1. Would you kindly state how much longer the chain becomes between Ile52 and Asp39 on full extension, computed as 0.36 nm times their sequence separation minus their alpha carbon distance, in nm to one decimal?
2. Between Ala65 and His79, what length comes free when the chain is fully extended (0.36 nm per residue of separation minus the Cα-Cα distance, one decimal in nm)?
3. When the chain is fully extended, how far beyond the present Cα-Cα distance does Ser29 get from Leu87, taking 0.36 nm per residue of separation?
Amino acid sequence: MNRSTMALASITTTSTPTFAGRARRMEVSGSSTTVQLEDGRCVTLAAVPDPISARRIRRCVNRVASVRIDGSIERPVAHVRGIGHRLPVAFDIPLAAALALMEAGVPTVVGLATLGVIDHGRSR
């Protein structure tokens, strides 16, 4: 990924999101959540964690392995992977549930090259 793709003004509409890396920590403010990635970049998502939805997902998935968040202009999308009662499972989940799973310590990867997320560049 080149530097121009990571700038706020040049987030592109690609059909395949470019995943930046793992989320390190998050901060909720009002109706949005800012996620800091391992490399220092921050991404703002228009949702707040919903622990009730996360509990519902944990009831269906015995071991949640990872969460992937990617955005679109209409609605950011999140995917969860894990082990169900006996077999591997993967399905879409609400963004708020993904944020709550991330808050609970589930490894999370955030996509930056799609619309719907705002890449603030490296934090200072």
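1. My answer for the length gained is 1.7 nm.
2. Fully extending the segment from Ala65 to His79 adds 3.9 nm.
3. Extending this stretch completely gives an extra 17.1 nm.
Any read-out appearing in this document is the output of simple, stated calculations on the displayed coordinates, not a laboratory observation. In this text the structure is predicted, and so the values were computed from the model without any measurement.
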